[in-house]
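For reference, the structure discussed in these notes is given below.
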Amino acid sequence: MASFRKRSNGWEYRIRYIDRRTGKYREKSKSGFRTKKEAELAAAAEELRIEEHGFAENGNELIANYLEKWLETYKRPAVKLNTYLVQERNVRLNIIPRWGNYRLKDLTRAEYQRWINELRERYSEGTVRRIHSIFASAISDAIHEFGILRDNPLQKIKIARDEHEDAGKIKFFTVDELSRFLAACVPVKHAKYQHSRMHQALFTLLARTGLRIGEALALTWDDIDLIKGTVSVTKTLIYPLNTDPRVTTPKTRSSIRTIKLDPETIRAMKEYRVNQKETILRYGFQRSDLNLVFHGPDGKWLRINVVREYMYEVCKRAGLPRLSPHALRHSHAVHLLEAGATIRYVAERLGHASIKTTEKYLHVTKKIEKDALDLYARYLS
């Protein structure tokens, strides 16, 4: 409850409230307002902040308490489930064990930098950057959103880069490599389900549409119009902490899109639809109640890690670089740009939230640079 009084430097409000962490009464005041009305408005806003945030002031909050409330109240409702689970797991397993008993105001840049250096001895650059990003975001909110810290000691932290030359580079198949890979995506001799062409169809669709693996595995036949030659992306399959699968909305709003299929992909999907029915009858597979495009013998969703391992096996068998299904998305983007597609078209086709995400592909192939220089030379001649 706020009280007000007029002082020599203007109107003052004083708020008395219970600190949720300690259960004790505390007071907060501020003066210098020209009118009582201004003081009342400021007090109302401050009371709302206290009620809404529930954080101890002046950085006295234990980092463990702050992060738990930050995750539950401000991250869980705001991000995709998979994103939240990654953040929660990193906080629980990496940040809290080291910093949980510290108060927010006890964080120092020097000690934190030493911890980051220690992490780099155990984890990859990408993993450490992910952990740091989560913690830095939480501390930034403590300053700019909640006003319980003034400075951010987690700024300008240096993270050692991976020594390997190709670390962090976009991995993709060349056109020739992709052709060899897709040709090898058939069951080997004496394989259990020799007749099935499911994996070949799946990888063909990924490589020629740029779909994310979760988007492809969530597809039903209702999403694919083989007459119009389109596929509608409205959902994605996730495995929260590698447990039971769940279908949810795509990664971003721009990920909801309709993709035009090229004639070769239409032909491949038509053939696969017939092959799927034949495979179900031949091996006694369970039909999918959800009318899934890709499913296992039990009629349920394929597991992403199983698809990944299958792709690794094919790469090894074909003598190709060991790439993951996501590399097929990269391959599609690179091949489109090499073929002369505009970067905006590629961004829309892949469902990128920002064209800046797509621009990274411009730097991974020499063909684009060569073609651009050839065009420039012809223009000047």
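Only one of the numbered conditions (1) closer than 26 Å to H330 by Cα; (2) within 22 Å of the chain's Cα centre (by Cα) is not met by D141, and that is (1).
Being of a type in the set (D, E), within 21 Å of N152 (Cα to Cα) and either modelled with pLDDT under 75 or surrounded by 14 or more Cβ atoms within 10 Å (Cβ to Cβ) (or both) is the requirement here; does E68 meet it?
Numbers: of a type in the set (D, E): yes; within 21 Å of N152 (Cα to Cα): yes; either modelled with pLDDT under 75 or surrounded by 14 or more Cβ atoms within 10 Å (Cβ to Cβ) (or both): yes.
Considered against the rule, which asks whether it is of a type in the set (D, E), within 21 Å of N152 (Cα to Cα) and either modelled with pLDDT under 75 or surrounded by 14 or more Cβ atoms within 10 Å (Cβ to Cβ) (or both), E68 comes out as yes.
For region 269-310, a residue qualifies if it is assigned to a helix (DSSP H, G or I), touching a helix residue (DSSP H, G or I) at 6+ places or on another chain (Cβ under 7 Å) and among the hydrophobic types (A, V, I, L, M, F, W, C), and the qualifying residues are M269, I304, V307. Against the criterion of being of a type in the set (S, T, Y), part of a loop (DSSP other than H, G, I, E, B) and surrounded by 14 or more Cβ atoms within 10 Å (Cβ to Cβ), S196 qualifies.
Out of L81, L41, L48, which single residue is surrounded by fewer than 17 Cβ atoms within 10 Å (Cβ to Cβ), modelled with pLDDT under 80 and over 26 Å from N101 (Cβ atoms)? Break it down into steps so the answer makes sense when it comes.
Numbers: L81 fails: modelled with pLDDT under 80; L41 fails: modelled with pLDDT under 80.
Just one listed residue meets the conditions, L48.
Just to confirm my filter: which helices (runs of 4 or more DSSP H) fall fully inside region 79-170 and include at least 3 residues that are under 30 Å from E215 (Cβ atoms) and among the hydroxyl-bearing types (S, T, Y)?
Values: elements: 81-90, 96-99, 109-122, 125-144.
Hits in region 79-170: 125-144.
Conditions (1) without any contact (Cβ under 8 Å) to a residue 60 or more places away in the chain; (2) within 24 Å of Y193 (Cα to Cα), marked per residue:
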{"residue": "R287", "(1), (2)": "yes, yes"}
{"residue": "N305", "(1), (2)": "no, yes"}
{"residue": "C315", "(1), (2)": "no, yes"}
{"residue": "P321", "(1), (2)": "no, no"}
{"residue": "H335", "(1), (2)": "no, no"}
{"residue": "L350", "(1), (2)": "no, no"}
{"residue": "S354", "(1), (2)": "yes, no"}
{"residue": "V364", "(1), (2)": "no, no"}
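Sub-8 Å Cβ pairs linking a first residue in region 63-83 that is within 24 Å of Y112 (Cα to Cα) to a second residue that is of a type in the set (K, R) and modelled with pLDDT of 90 or more, at least 6 apart or interchain, are I63/R103, ordered by first then second residue.
Of everything in region 184-193, what is exposed (fewer than 14 other Cβ atoms within 10 Å of the Cβ) and either of a type in the set (G, A, S) or out of contact with any helix residue (DSSP H, G or I) (no Cβ under 9 Å at 6 or more places or on another chain) (or both)? Give them in sequence order. Matches in region 184-193: K189, H190, A191.
Table: residues versus (1) closer than 30 Å to L81 by Cα; (2) at pLDDT 95 or above.
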position: Y239; (1), (2): yes, no
position: N242; (1), (2): yes, no
position: V247; (1), (2): yes, no
position: S255; (1), (2): yes, no
position: I259; (1), (2): yes, yes
position: R287; (1), (2): yes, no
position: V293; (1), (2): yes, yes
position: V306; (1), (2): yes, no
position: G319; (1), (2): no, yes
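The values are calculated or read from the model by the stated rules, or taken from the named source; none is laboratory data. Only a predicted model underlies this, so the values are computations on that prediction, with no experimental measurement involved. Positions of Cβ are generated from backbone atoms using ideal geometry, with glycine treated the same way; all protein chains shown enter the neighbour counts.
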